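Below is one structure; the comments refer to it alone.
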């Protein structure tokens, strides 16, 4: 009788262990089959906005550059004046630099032309009332790429470095401007020959203290007198991409 009881106890123990193992296995299987329904956040696509680039450009035969549009440095400053185009002009208030260029006072501007063309270079400037006849009336000027030209002995003269650009005017901003060349000395209109459509740069370096520069006027396809009349009340034309 004791032997039967012992055998029965062993059988019950094995049966209980078997059921426990199966339940654990079933629980494990059920857990592995549960789908994770937690929402996965979608990655936001970062749209990179391209910065709009705007440049001064030509319009109706004129390319006008306001003095205050230059990238100023050194002793150049913007001055408010209702007589100036756009109500502002720039003035150089540093020392004279007659013999060479002081690049601490070099200013630049980028612009665009829409076709190959040759432009006459002029400006609106003013001398202070107290300035003597030939004082405070000139700058150093240069077009990188050597696209600036003057005349010597009736022939084109390519400008490969800075040259003196000068005119006179008081009270109101006066239209004018010509090259004063040296070695040998000659006076000449200045032209810029753009070989193709595209972006170009103009550089100016200070020469005379208290020069007042309102705007530069480059013209093509018209007499100079027409450029003078048309540019009086006009300001820059701009293109953006």
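The values are calculated or read from the model by the stated rules, or taken from the named source; none is laboratory data. Worth saying up front: this structure is predicted, and the values here are computed from it rather than measured. As a convention, Cβ positions derive from the backbone with ideal geometry for all residues, glycine included, and neighbour counts pool all protein chains shown.
Which of the residues spanning the stretch 103-156 are without any contact (Cβ under 8 Å) to a residue 40 or more places away in the chain and within 15 Å of residue 205 (Cβ to Cβ)?
104
Go through the residues of the stretch 180-195 one by one and say whether even a single one is touching a strand residue (DSSP E or B) at 6+ places or on another chain (Cβ under 8 Å) and on the phi > 0 side of the Ramachandran plot. I'd like the intermediate steps shown before the answer.
Of all residues in the stretch 180-195, those touching a strand residue (DSSP E or B) at 6+ places or on another chain (Cβ under 8 Å) come to 180-182, 184, 186-194.
Add one more test, that the residue is on the phi > 0 side of the Ramachandran plot, and what stays is none.
Within the stretch 180-195, not a single residue is touching a strand residue (DSSP E or B) at 6+ places or on another chain (Cβ under 8 Å) and on the phi > 0 side of the Ramachandran plot.
Taking the condition of being without any contact (Cβ under 8 Å) to a residue 40 or more places away in the chain and in a strand (DSSP E or B), how many residues in the stretch 77-94 meet it? Can you show your working first?
Step one: filter the stretch 77-94 for residues without any contact (Cβ under 8 Å) to a residue 40 or more places away in the chain, giving 77-78, 80-82, 87-88.
Okay, now just the ones that are also in a strand (DSSP E or B), so 77-78, 80, 88.
Residues flagged as without any contact (Cβ under 8 Å) to a residue 40 or more places away in the chain and in a strand (DSSP E or B) within the stretch 77-94 amount to 4.
Exactly one condition in (1) out of contact with any helix residue (DSSP H, G or I) (no Cβ under 9 Å at 6 or more places or on another chain); (2) modelled with pLDDT of 95 or more; (3) farther than 28 Å from residue 220 by Cβ is false for residue 4; which is it?
All conditions pass for residue 4, except number (2).
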